[in-house]
1. Spot the failing condition for D16; the list is (1) at pLDDT 80 or above; (2) outside any helix (DSSP H, G or I); (3) acidic (D, E), and only one is missed.
2. Condition first: touching a residue at least 60 places away in the same chain (Cβ under 8 Å), touching a helix residue (DSSP H, G or I) at 6+ places or on another chain (Cβ under 9 Å) and surrounded by fewer than 16 Cβ atoms within 10 Å (Cβ to Cβ). Now tell me which residues in the stretch 130-165 satisfy that.
3. Looking at the structure I just gave you, is I177 surrounded by fewer than 16 Cβ atoms within 10 Å (Cβ to Cβ), over 27 Å from F19 (Cα atoms), without any contact (Cβ under 8 Å) to a residue 60 or more places away in the chain and of a type in the set (A, V, I, L, M, F, W, C)?
4. Where the second residue is in a loop (DSSP other than H, G, I, E, B) and of a type outside the set (S, T, N, Q) and the first is touching a residue at least 60 places away in the same chain (Cβ under 8 Å) and surrounded by fewer than 22 Cβ atoms within 10 Å (Cβ to Cβ) and lies in the stretch 111-129, which pairs have Cβ atoms under 8 Å and are six or more apart or on separate chains?
5. Go through (1) aliphatic (A, V, I, L, M); (2) modelled with pLDDT of 95 or more; (3) under 16 Å from the mean Cα position of the chain (by Cα) one by one and return the number of the condition I107 breaks.
6. Considering each of L77, L112, L51 in turn, give the residue that is outside any helix (DSSP H, G or I), at negative phi and in contact with a Leu (Cβ under 9 Å, 6 or more places away or on another chain).
7. Of the numbered conditions (1) closer than 16 Å to I168 by Cα; (2) in contact with a helix residue (DSSP H, G or I) (Cβ under 6 Å, 6 or more places away or on another chain); (3) of a type outside the set (D, E), P71 fails exactly one; give the number of that condition.
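The values are calculated or read from the model by the stated rules, or taken from the named source; none is laboratory data. This one's a predicted model, so the numbers in the text were calculated from it and none came from an experiment. Cβ coordinates were reconstructed from backbone atoms using ideal geometry, including for glycine residues, and neighbour counts include every protein chain displayed.
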Amino acid sequence: MIKGMKVGLRALEKEDLKFLKDWRNHVDFRRNFREVRELSIIDQEKWFESLQNTKQINFMFTIVELETNQPIGAAGLLYVNWINRSADFSFYIGKDEIYIDDAEISIEASKLLINYGFNNLNLNKIWMELYEFDKRKINFFTNKFNFKQDGLLRQNCYEDGKYWDSYIISLLKGEHIENPY
């Protein structure tokens with residue numbers, strides 16, 4: 001387990017899938033994910049199995065409260081590209097329907113995963129795709145962690161009867177070293 005002061009990141013286990021299914025199916029969360037359909041436990045199990053059986057390297061974690069060891073969210077470095085040394089950053093807090101906040105939990109869990117990516121996996125770039133209406137997450141990562149906009153994918157998402165743009169934002173290892181929070 002990767003431990004902070006209040007939260008830790010541990011390998012995703014099959015018993016976590018029930019939590020993930022419930023969190024991912026929350027209507028306010030689901031609109032922010034690339035997978036927009038309602039997920040069943042079978043869908044979650046197939047996804048979990050694909051993490052184990054794919055040639056693509058993914059590092060998926062359950063965020064846990066250290067005091068209770070209870071799952072509170074999910075985080076991962078996905079689609080790792082070992083040539084470019086980059087990974088897609090996935091993150092949310094499911095407990096109490098937080099999603100993302102400016103409080104200790106989101107900050108500490110994000111720090112743990114970013115530090116793991118740069119210091120343990122030797123990544124050069126951690127990136128994410130966020131829809132323009134996901135203002136909370138965009139503001140969180142650009143303001144708290146200095147992620148920069150790399151690109152814009154025009155009308156890349158259809159939600160609530162409208163097309164929305166996607167932002168590609170990233171943090172480079174050199175920026176991480178210069179600004180270690």
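1. (2)
2. none
3. Criteria met by I177.
4. Hits for this filter: K111/G4; K111/Y181; L112/G4; E129/R34.
5. (2) is the only condition that I107 fails.
6. On the way: L112 fails: outside any helix (DSSP H, G or I); L51 fails: outside any helix (DSSP H, G or I).
From the options L77, L112, L51, the qualifying one is L77.
7. (1)
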